[in-house]
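In what follows, a single structure is set out as C-alpha cells and then discussed.
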C-alpha cells in the first residue's frame, strides 16, 4: 500500500532510538507519570520509557518504530520517515542508553507523627467521608508519610495506601501527593508487588474493583449502607493481577463488579476483565460512573463541578457501520452468495485506495453474515440472520481492535483459507466451525473499517492542528 523506501541499518537504528516521550509531547499527546514510566493520557494502558513502550491491555510492545506503526497505523517506511523527518535529520531527541538499575527492595516510607494533611486532603479536596478515612487509618491501610528530599532540605508528605498480603504483611504501597499547587504526585512505591494492591476484604461473595484508591473510597462514600460486608480492591493501575490474586486467596468471593473509569482505558479494561472472568467461570457485572470516575460522581452529588465521562470513539463508528452493513444484507438477502464471490471481494482489498477498501469490507461483512446464516440453516439450527446480526453487533470489543490494518486483513485471509480447506463430506462440528469462520470474517471486516475511519479522523485532527500552528506563527 505504501511506496518502497530503502533505509540503511544506521537510519533504522536512529529511528528506533528516538525518545518516545519527547516525540509524543511534540505531537500534542499528554503523558502522565507512572512510577519510572510515563502513561499515555489518551490510552492509559500504554506505558512509555525512553524508546520503549508496552500496551498492557493487548500484551504488545517494542521500540519507537513499532510504536508509530501501532499507534498511528502507519506502514514501516512511513513510520521511519515520520520519526526521522522528511530530510532524515535528527528531528527528535534520542533516548538515553538504558541503564541496568538494581531493583530496590520494597519498603514503605516513614510515617509522619500525625495524619492531619491526609485528612484535610481527602475530606476537603476529595470529599471522602471522615468516618471511612478513620476506618482505613485504624486498619493501617492509609497513613501520611514524611519523606526528605534528595538534598535533605525539604520534607514531602504523601497519602500512602497500603496493600497487605494474605499473611497481613505489607507488599504494596501507592502514594498520592497532598499539595494543591500544581499537579500532585501519584504512583506505586518501587518494589511493590502488583498482586497485593490497596484492598479491603468483607464476608460477602462480592468484590468491587477500581482503578485507584481515591475511586474506591469515593464509591464507598456514595454507597455507605452495609459497605463493610463487601470486598473492594484498587488496582493502582490497569493490571488484572491484584483482582485475580484476591479471588485466588479468598474462595468465598465468587462475583466481581467492575467499577473502572468512564473513559477509553476504563471501558477497554472492563471489557478485557469481563472476558477473563467469564473464561474462568466467575460471575461478573459492570458498574460505570456517570462522570469520568467515582470521585467526579461524588463531586457531582454535592453539586460541585465534575469532569464529564469520555465515550469510546469505536462505538459510535460501530453503530454507524453496522447499520450500513445491515442495509447491504437487506439488498443481498435473495442473492445466492458463494465462497468464490467472497474470495473475489477479499482480493479487492489489496489496493491503496482506502475509500474502496472500506466499501469492499462492508460488502465482505454482509456476505459473510449471510453465508453464516446459510450454514446454520443447513445444520437445522434456529439461528436466523437476526440472531447472527445480534451476535455480530455485541461481539465487537474495542480492546480487541488494536491490530494494524494489514494484520486485520491477514486475519480475514486466514479465515477464508480455513473455509476453503474444508472439502468433501464434512461433519456437523466442521460445518459449525465454517459458520463461525464466516462470522469471524464479518467481525474482522468491521474492525478493519473502524481502524481506517479512526486513522482518517486522526489525520484530519493533525491537519487542523498544523493549520492552527501556521496561523499562530
> So how many Å³ per residue does the convex hull of the Cα atoms of region 100-174 work out to?
Replying inline: 128 Å³
>> Need one number: the % of Cα-Cα pairs in the chain sitting beyond the 35 Å mark.
In response: 44 percent
> Which value results for Rg/Rh of region 194-293 when Rg is the Cα radius of gyration and Rh the Kirkwood radius based on the inverse mean 1/r?
Replying inline: 0.92
> Where does helix 314-332 land angle-wise versus the long Cα axis of the chain, in degrees 0 to 90, nearest 10?
Replying inline: 20 degrees
>> Between helix 405-420 and the chain, what is the angle of the helix's C-alpha long axis to the longest principal axis, kept within 0 to 90° and rounded to the nearest 10?
In response: 50 degrees
> Sorted by mean Cβ packing within 10 Å, highest first, what order do the peptides 161-168, 273-280 take?
Replying inline: 161-168, 273-280
> Based on DSSP H runs of at least 4 residues, each adding -39500 (n - 2.57), what is the mean residue ellipticity at 222 nm of the chain after dividing by all its residues, to the nearest 500 deg cm²/dmol?
Replying inline: -14500 deg cm²/dmol
>> Among 400-407, 368-375, 29-36, how do they line up by average Cβ neighbours within 10 Å per residue, starting with the highest?
In response: 368-375, 400-407, 29-36
> Taking a temperature of 10 °C and a viscosity of 1.306 mPa s, what whole-number D in µm²/s does Stokes-Einstein yield for region 190-251 with Rh from Kirkwood over alpha carbon pairs?
Replying inline: 134 µm²/s
>> Using all alpha carbons of region 314-460, what is the percent of pairwise distances in each 5 Å bin, ordered from the shortest bin to the longest?
In response: 2, 10, 21, 24, 21, 13, 7, 3, 1, 0, 0
> To the nearest whole percent, what portion of all C-alpha pairs in region 116-301 is separated by more than 30 angstrom?
Replying inline: 16 percent
> So how do 317-327, 291-301 stack up, highest first, on mean other-Cβ count within 10 Å?
Replying inline: 291-301, 317-327
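No lab work stands behind these numbers, since they all come straight from the coordinates. Bear in mind that the values here come from a model prediction, so they are computed numbers and not experimental data. Counting neighbours? That spans all protein chains shown, and the Cβs are built from the backbone with ideal geometry, glycine included.
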